[in-house]
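The values are calculated or read from the model by the stated rules, or taken from the named source; none is laboratory data. Quantities reported herein were computed from a predicted structural model and do not represent experimental measurements. Methodologically, a virtual Cβ is constructed for each residue, glycine included, from the backbone with ideal geometry; neighbour enumeration extends over all protein chains shown. Accessible surface is based on the protein model in full, side chains and every heavy atom, while ligands, DNA and RNA are left aside. Shrake-Rupley method; radii C 1.70, N 1.55, O 1.52, S 1.80 Å.
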Amino acid sequence: MNENILETLNRIINDIELKPKMFFANPDYAQLPSYLFGYLTCIDDIHATSLNRSFSEWLNNRGKKTSLFWTEYILKISSNNDQVAANKIVIKEFKLFLSDIALEKKSENSTSNE
């Protein structure tokens, strides 16, 4: 995956965390995953990636295994239907996910350079 994509996603998630009203008039859980889902779908389509599916699999592999997509997994499983907590969890988990992708990429690059 292109490093520029990861950097852009990191910047966006940090901006959403610091200035949510810059993105959403009334920040709530329904808006945040909808925005991220749409953004990731666009990236997936343009760059032939599978970030939405990968994020769901990553979440399910770290916790309770379900068939839920990440948007519902965070709301139902991670936050017990608490939308305020779910907003915070999305940001935290997405940052961890991006960090893991960056580490995997760095590991792949160092292995291929040897």
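Go through segment 70-99 and report how many residues are open to solvent by less than 60 Å² (accessible area, probe 1.4 Å) and touching a helix residue (DSSP H, G or I) at 6+ places or on another chain (Cβ under 7 Å).
16
List every residue pair whose Cβ atoms sit under 6 Å apart, with the two residues 6 or more apart in sequence or on different chains, where the first one lies in segment 22-47 and is over 14 Å from Val84 (Cβ atoms) and free of Cβ contacts under 8 Å to residues at least 24 places away in the same chain and the second, anywhere, is loosely packed, with under 15 Cβ neighbours inside 10 Å and hydroxyl-bearing (Ser, Thr, Tyr).
Going by the 6 Å Cβ cut-off, the qualifying pairs are Asp44/Ser50.
Is it the case that segment 16-32 has a residue that's within 11 Å of the chain's Cα centre (by Cα) and either open to solvent by 70 Å² or more (accessible area, probe 1.4 Å) or of a type in the set (Val, Ile, Thr) (or both)?
no
If you scan segment 30-71, which residues turn out to be within 18 Å of Ser99 (Cα to Cα) and β-branched (Val, Ile, Thr)?
Ile43, Thr49
Which numbered condition trips up Ser67, out of (1) in a helix (DSSP H, G or I); (2) exposed (fewer than 15 other Cβ atoms within 10 Å of the Cβ); (3) among the small types (Gly, Ala, Ser)?
Here Ser67 meets the rest and fails (1).
Under the condition of being of a type outside the set (Asp, Glu) and free of Cβ contacts under 8 Å to residues at least 40 places away in the same chain, which residue from segment 1-13 is nearest to Lys106 (Cα to Cα)?
Only one residue tops the list, namely Asn4.
When you scan segment 1-43, how many residues do you find that are in a helix (DSSP H, G or I), under 18 Å from Thr71 (Cα atoms) and touching a Lys or Arg at 6+ places or on another chain (Cβ under 8 Å)?
Selection size over segment 1-43: 1.
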